[in-house]
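*Asks:* One structure, as structure tokens, below. Some questions next.
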Amino acid sequence: MSANKITGGKTIDIVKNLPRINLANLRPNPGATKNETHRGHGMHGGNKSGRGHKGERQRGNRPRLGFEGGQTPFYLVIPKYGYNANHSRRPQYPPFSLRKLQYLIDLGRIDTTQPIDLTQLVNSRGVAIQPLKRDYGIQLVDEGADIFCAKVNLEVQVASEKAIAAIERNGGVITTSFYDPRSLQVLIKPVPFFISGQPIPKRMLPGEDLLPYYTDANHRGYLADQDQVQAARLALAKKYGYSLPDITKDELFDMLAQRKDPRQIFFGLSPGWVVNMEDKKILKPTDEKVLQYYGS
Amino acid sequence: MAASILSRRTAVLFDITKLNSQINFLPAVVQQIANYNPRPLWLNIKNPYIPDKSNEKTPDWQKTDKYDRKRFGRYGQASGVDPAQLWPSHAQLEEMIGEEREWHPPLQVMLGNIAAKEKERTAKRMEREKIIAANMAKMPKMIADWKKQKQETKQKQKEEKVKRERLLAEATERFGHAVDPRSAKFKEMVAEIEKEEKKKRKLLKRKKREDDAGLSPAAAESSQ
């Protein structure tokens with residue numbers, strides 16, 4: 001269609017009257033595309049079936065990805081440095097959102113009338129912790145902070161400021177505490193540990209790297225001063241603009257005030273005790289030295 | 001707390017299903033505990049295996065402390081293990097205490113270490129900042145000096161250039177043709193000019209001294 005054929009008309013009028021462009025109206029210029037060579041339709045895909053001529057390629061015996069015929073491969077020549085250095089030795093804290101916590105509470109998988117610990121979360125299958133993979137606990141993430149509405153006594157290992165605010169706004173209590181890998185294994189799987197017949201170990205203190213975190217009242221650390229924690233609660237309420245409910249007047253105040261000793265792994269059980277599941281008995285040591293060790 | 005933690009299989013096994021039944025009578029709204037159906041735990045508790053420690057045929061690992069503890073944990077008193085064995089012996093305790101002393105210092109010591117490190121870091125930073133501040137205070141003067149230096153060098157260069165041109169002009173005047181400044185003749189000429197200049201300066205100095213001397217006795221006389 002060219003303007004020459006139309007007498008007295010303009011190109012623009014023609015274009016205006018043409019149908020809208022869509023895939024049905026489009027076509028590549030002749031010579032722009034060339035058909036791909038497909039493998040033959042013979043048996044096994046015809047002739048060499050796209051496998052090449054002889055050798056490892058055709059016989060399917062190529063070495064692993066990254067192998068360079070014996071030369072030290074690129075991925076081994078380059079040393080680990082900087083961002084990824086010592087990645088396998090860093091403590092990991094899988095995230096646990098407030099949304100998930102609310103979900104578990106709503107479904108009745110977690111009992112809010114008791115302190116919520118990592119044990120409770122693992123029992124309710126809310127988190128999966130792998131202490132052998134350098135997991136040191138969970139970090140409370142603030143996704144779902146605006147819909148969170150449960151009053152809990154929560155203990156996690158790391159918590160973001162907004163998450164702390166969300167918990168305290170609903171009249172709850174949050175603590176961040178440290179568990180060394182052995183204590184963590186005991187904490188998440190108490191029954192297999194009791195079946196092994198060992199006395200409950202005492203929790204170790206965090207190293208010098210993590211100690212500043214757990215002695216800080218702003219992180220609600222378990223080693224922080226309680227007065228500072230109270231001040232921090234008020235300050236946080238001011239910062240986020242909610243009125244801090246007075247938990248002393250709460251009916252569940254005793255439960256909310258329950259906190260573990262820095263050396264304790266389970267509520268109500270001291271280090272050094274042996275819990276026997278078969279006899280349903282708790283055995284406590286009487287030897288002085290043993291008591292001294294576990295009591296220190 | 002107990003009922004909500006233990007799964008049903010443990011409840012069935014250890015015969016404490018009665019605890020849960022109380023909760024089943026509560027209305028659904030209040031019922032807070034969910035139940036699971038885990039796979040059964042096949043534990044042979046009725047006829048526990050008690051290894052014969054005196055027999056040589058029993059494997060070594062069945063004669064260890066660890067295995068005794070495991071047996072006690074599984075079968076309880078029926079395993080025949082003396083509960084006192086469960087805790088570490090005095091020797092083992094000593095080891096554990098020594099290890100802890102070495103690798104796990106007490107809280108106060110660690111806090112002290114952290115404080116010391118922090119102090120060191122801040123001290124270093126303050127030192128560095130002091131030096132920086134002192135040097136920054138010197139900066140205006142240094143800038144001015146540098147500018148002056150630059151100006152002087154420029155001035156000198158200009159003077160040098162002028163002088164060289166003058167000498168070249170002298171030389172061409174004297175010898176009548178362009179002379180290479182590096183040649184011996186040129187250097188001789190330069191030396192001559194310098195000598196003449198020196199003489200002139202000396203004459204000027206002498207004159208000045210005579211004038212001063214002349215003036216001062218005259219002044220002395222006039223004053224007197």
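The values are calculated or read from the model by the stated rules, or taken from the named source; none is laboratory data. None of these values were measured; they are calculated from a predicted model. Here Cβ is always computed from backbone atoms with ideal geometry, including for glycine, and neighbour counts include all displayed protein chains.
*Asks:* Do you know which of the residues in segment A:32-61 that are of a type outside the set (A, V, I, L, M, F, W, C) and assigned to a helix (DSSP H, G or I) is modelled with the lowest pLDDT?
*Replies:* A:His44
*Asks:* Here is a list of conditions, (1) out of contact with any helix residue (DSSP H, G or I) (no Cβ under 7 Å at 6 or more places or on another chain); (2) modelled with pLDDT of 95 or more, and A:Leu244 meets all of them except one; can you say which number that is?
*Replies:* Of the numbered conditions (1) out of contact with any helix residue (DSSP H, G or I) (no Cβ under 7 Å at 6 or more places or on another chain); (2) modelled with pLDDT of 95 or more, the odd one out for A:Leu244 is (1).
*Asks:* Let me ask another. Check whether at least one residue in segment A:124-144 is among the acidic types (Asp, Glu), part of a loop (DSSP other than H, G, I, E, B), away from chain B (no Cβ under 14 Å) and in contact with a strand residue (DSSP E or B) (Cβ under 6 Å, 6 or more places away or on another chain), and report yes or no.
*Replies:* Yes: segment A:124-144 contains one or more residues that are among the acidic types (Asp, Glu), part of a loop (DSSP other than H, G, I, E, B), away from chain B (no Cβ under 14 Å) and in contact with a strand residue (DSSP E or B) (Cβ under 6 Å, 6 or more places away or on another chain).
*Asks:* Restricting attention to segment B:100-120, which residues are within 17 Å of A:Asp180 (Cβ to Cβ) and within 11 Å of chain A (Cβ to nearest Cβ)? I'd like the intermediate steps shown before the answer.
*Replies:* Step one: list which residues in segment B:100-120 are within 17 Å of A:Asp180 (Cβ to Cβ), which gives B:100-107, B:110.
Those that are within 17 Å of A:Asp180 (Cβ to Cβ) and within 11 Å of chain A (Cβ to nearest Cβ): B:Glu100, B:Arg101, B:Trp103, B:His104, B:Pro105, B:Pro106, B:Leu107, B:Met110.
*Asks:* Checking B:Glu129 against (1) outside any helix (DSSP H, G or I); (2) modelled with pLDDT of 95 or more: exactly one of these is not met. Which one?
*Replies:* B:Glu129 satisfies all of (1) outside any helix (DSSP H, G or I); (2) modelled with pLDDT of 95 or more except (1).
*Asks:* Kindly check whether there is at least one residue in segment A:142-159 that is at pLDDT 95 or above, polar (S, T, N, Q) and in contact with a helix residue (DSSP H, G or I) (Cβ under 7 Å, 6 or more places away or on another chain).
*Replies:* Within segment A:142-159, one or more residues are at pLDDT 95 or above, polar (S, T, N, Q) and in contact with a helix residue (DSSP H, G or I) (Cβ under 7 Å, 6 or more places away or on another chain).
*Asks:* Please tell me if A:Leu104 is away from chain B (no Cβ under 14 Å) and not in a loop (DSSP other than H, G, I, E, B). Steps first, please.
*Replies:* Working: away from chain B (no Cβ under 14 Å): no; not in a loop (DSSP other than H, G, I, E, B): yes.
For A:Leu104, the condition - away from chain B (no Cβ under 14 Å) and not in a loop (DSSP other than H, G, I, E, B) - is not met.
*Asks:* Right, here's the next one. Within segment A:65-89, can you find the residues that are surrounded by fewer than 10 Cβ atoms within 10 Å (Cβ to Cβ) and outside any helix (DSSP H, G or I)?
*Replies:* Passing the criteria: A:Leu65, A:Gly66, A:Gly69, A:Gly70, A:Gln71, A:Thr72, A:Ile78, A:Pro79, A:Tyr81, A:Asn86.
*Asks:* Here is a follow-up. How do the pairs read when you match residues in segment A:209-234 that are at negative phi with residues anywhere that are among the basic types (Lys, Arg) and assigned to a loop (DSSP other than H, G, I, E, B), using Cβ under 9 Å and keeping only pairs 6 or more apart or on different chains?
*Replies:* A:Tyr222/A:Arg259; A:Tyr222/A:Lys260; A:Val229/A:Arg220; A:Ala232/A:Arg220; A:Arg233/A:Arg220
*Asks:* Can you tell me which residue among A:Arg62, A:Arg109 is surrounded by 10 or more Cβ atoms within 10 Å (Cβ to Cβ), basic (Lys, Arg) and under 18 Å from A:Gly172 (Cβ atoms)?
*Replies:* Sole residue among the options that is surrounded by 10 or more Cβ atoms within 10 Å (Cβ to Cβ), basic (Lys, Arg) and under 18 Å from A:Gly172 (Cβ atoms): A:Arg109.
Let's see how each residue does on (1) within 14 Å of chain B (Cβ to nearest Cβ); (2) within 23 Å of A:Gly207 (Cβ to Cβ):
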residue	(1), (2)
A:Phe74	no, no
A:Asn84	no, yes
A:Asn153	yes, no
A:Ala163	no, no
A:Gly172	no, no
A:Thr176	no, yes
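*Asks:* Okay, next question. Check whether at least one residue in segment A:260-268 is of a type in the set (Phe, Trp, Tyr), surrounded by 14 or more Cβ atoms within 10 Å (Cβ to Cβ) and within 9 Å of another protein chain (Cβ to nearest Cβ), and report yes or no.
*Replies:* yes
*Asks:* State all residues of segment A:2-31 that are at pLDDT below 90 and on the phi > 0 side of the Ramachandran plot; if no residue qualifies, say none.
*Replies:* Across segment A:2-31, the qualifying residue is only A:Gly8.
*Asks:* Okay, next question. Working only within segment A:158-192, note down all residues that are closer than 30 Å to B:Gln85 by Cα and surrounded by fewer than 20 Cβ atoms within 10 Å (Cβ to Cβ).
*Replies:* Listed by number, the residues that qualify are A:Asp180, A:Pro181, A:Arg182, A:Gln185, A:Lys189, A:Val191, A:Pro192.
*Asks:* Being farther than 19 Å from A:Ile195 by Cβ and either modelled with pLDDT under 95 or over 52 Å from the mean Cα position of the chain (by Cα) (or both): is that true of B:Leu19 here?
*Replies:* Yes.
*Asks:* Whether any residue in segment A:57-65 is over 23 Å from A:Arg259 (Cβ atoms) and within 14 Å of another protein chain (Cβ to nearest Cβ) is what I want to check. Give the steps one after another, and end with the answer.
*Replies:* Applying the first criterion (over 23 Å from A:Arg259 (Cβ atoms)) to segment A:57-65 yields A:57-65.
Checking which are within 14 Å of another protein chain (Cβ to nearest Cβ) leaves us with none.
Scanning segment A:57-65, I find no residue that is over 23 Å from A:Arg259 (Cβ atoms) and within 14 Å of another protein chain (Cβ to nearest Cβ), so the answer is no.
*Asks:* Given B:Lys141, B:Lys161, B:Lys185, which one is modelled with pLDDT of 85 or more, surrounded by 10 or more Cβ atoms within 10 Å (Cβ to Cβ) and not hydroxyl-bearing (Ser, Thr, Tyr)?
*Replies:* Every option except B:Lys161 fails the conditions.
*Asks:* Let me ask something additional. Can you tell me how many residues in segment A:188-213 are more than 10 Å from chain B (Cβ to nearest Cβ) and touching a strand residue (DSSP E or B) at 6+ places or on another chain (Cβ under 7 Å)?
*Replies:* 2
*Asks:* Looking only at segment A:160-174, count every residue that is touching a helix residue (DSSP H, G or I) at 6+ places or on another chain (Cβ under 9 Å) and not in a helix (DSSP H, G or I) and tell me the total.
*Replies:* Residues meeting the conditions: 4.
*Asks:* Taking segment B:85-99 as the search range and keeping residues that are within 24 Å of B:Gly73 (Cα to Cα) and within 9 Å of another protein chain (Cβ to nearest Cβ), which one is surrounded by the fewest Cβ atoms within 10 Å (Cβ to Cβ)?
*Replies:* B:His90
*Asks:* Considering segment A:271-296 alone, what residues qualify as being more than 9 Å from every other protein chain (Cβ to nearest Cβ), assigned to a loop (DSSP other than H, G, I, E, B) and in contact with a Phe, Trp or Tyr (Cβ under 7 Å, 6 or more places away or on another chain)?
*Replies:* A:Pro271, A:Lys284
*Asks:* Kindly provide the set of residues from segment B:59-81 that are in contact (Cβ under 8 Å) with a residue 24 or more places away in the chain and facing chain A (nearest Cβ under 8 Å), ordered by number.
*Replies:* Initially, segment B:59-81 is screened for residues in contact (Cβ under 8 Å) with a residue 24 or more places away in the chain, giving B:74-75, B:78-80.
Listed by number, the residues that qualify are B:Arg74, B:Tyr75, B:Ala78.
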